[in-house]
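**Q** Okay, handing you the structure first.
Only the coordinates and a few stated rules stand behind these numbers; no lab work does. Bear in mind the structure is a predicted one, so any value in this text is a computation, not a measurement. Here Cβ is always computed from backbone atoms with ideal geometry, including for glycine, and neighbour counts include all displayed protein chains.
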Amino acid sequence: MISNSARVPAPSAAPCRITVCRGCCCGDARKVPGVDHAGQIGRLRGAVGEAALVRASECLDVCDQANVMVVQPSAAGRAAGGRPVWLGLVNDDDALADIAAWVRAGGPGLAEPPGVLDLYEFTVSRRVGKALEG
């Protein structure tokens, strides 16, 4: 029998989390054509390995930025001052590779993101940001 503690990281070892919006617009081929939306999450999971937990979310309420991903810091990254980073228009595999490389290097609070991710980063309202934190 495997105990739950063997599968769940200790709070101090909690990895980064990547939330991928798959609501009304993100993940919709009519809104963002030419993207393998169904495969995007699987490719991201494969690219980050154990460095992050990747999860899909309902609408994050920033539809003008589809496809949206939020990279949340690991416990160590948060302790070092890292905060969630919102990325929009993540519609190609090069962006996924840059996100994965950053997260494998430590992510928010522990590693500088590749400069190209500055083009994807945006700021959300406090209301939207708090909804994801809660």
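**Q** Using a simple charge model, +1 on the beta-carbon of Lys and Arg, -1 on the beta-carbon of Asp and Glu, nothing else, what dipole does the chain show about its Cα centre, in debye to the nearest 20?
**A** Details: 14 positive and 14 negative charges, 116 e Å.
Approximately 560 debye in magnitude.
**Q** Now, a different point. Give the whole-number value, in cubic angstrom per residue, of the convex hull volume spanned by the C-alpha atoms of region 4-133.
**A** 107 Å³
**Q** Let me ask you something else. Say the dipole of region 4-133 comes from +1 at the beta carbon of Lys and Arg and -1 at that of Asp and Glu; which of Val103, Met69, Ala13 then lies farthest toward its positive end?
**A** Ala13
**Q** In the chain, which cysteines lack any other cysteine Cβ under 4.7 Å from their own?
**A** Cysteines lacking a close Cβ partner in the chain: Cys16, Cys24, Cys59.
**Q** Given 0.36 nm per residue, what is the gain on full extension from Ala13 to Val116 after removing their alpha carbon distance, in nm?
**A** Working: separation 103, 0.36 × 103 = 37.08 nm, distance 2.80 nm.
The Ala13-Val116 span can extend by a further 34.3 nm.
**Q** Subtracting the Cα-Cα distance from 0.36 nm times the residue separation, let me have the gained length for Arg45 to Glu58 in nm, one decimal. Mind dumping the intermediate values first?
**A** Working: separation 13, 0.36 × 13 = 4.68 nm, distance 1.80 nm.
Here the answer is 2.9 nm.
**Q** Evaluate the distance, in nm, between pseudo-label points positioned 7 Å from the Cα of Asp28 and of Ala101 along their respective Cα→Cβ axes.
**A** 3.3 nm
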